[in-house]
Structure formats: C-alpha cells, structure tokens
Amino acid sequence: MKRASFKQPRPASAVADEWVKGDRAAEAPAQQSTPPKVAMTRLTIDLPADLHHRFKVACAEHRTRMVDEVRRFIEEWTQEHGKL
C-alpha cells in the first residue's frame, strides 16, 4: 500500500496573525489597495526580432515588464488620439 506524504503547513506570518485578529493597519500597502479585476483581451503583434530584443533589453534595464510598457503606450496614445 502506498503512503501519501504531506507537507507540514508553514507557520502564519505576523501580518496574517494581525489580520486574523482584526488589525487591518498591519496589512501591507499593496494588500490594502488592490485594483479591481477587469476583463482582458489578448493582442498579438509581430515584431522584427531585433526590435523585440531591443525592447526586451530596455524594459529589463528599467525593471519594467514589456506588457506593462505596451499597455502604458496604448493608454497614452488612445487618450491623445481617441474620440471616446
């Protein structure tokens, strides 16, 4: 007969303990202001390999994600040029 092995749960952190006790001030700021979920749609684009590489390197140097930079660009461009 096989024996199942289970990992022991990790002890709760101090933040989790405070949350359970009701001290909301102990929460991390990122946990307090979680943005609402929005429906997403996929956009696929073809780029020359060199441009993709340069963009990826530039994002890495600025410690940003490529998807966040593309979203920021589209948001700024549509605000400037959009009619809605």
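Bear in mind that the values in this text are calculations on the coordinates, not laboratory data. Worth saying up front: this structure is predicted, and the values here are computed from it rather than measured. A quick note on method: Cβ atoms are made from the backbone with ideal geometry, for glycine too, and the neighbour counts reach across all protein chains shown.
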- Likely footprinting exposure, Phe55, Phe6, fewest C-beta neighbours within 10 Å first: Phe6, Phe55
- Could you tally the net charge around Ala58, taking each other residue with its Cβ under 15 Å from the Cβ of Ala58, Lys/Arg +1 and Asp/Glu -1? +1
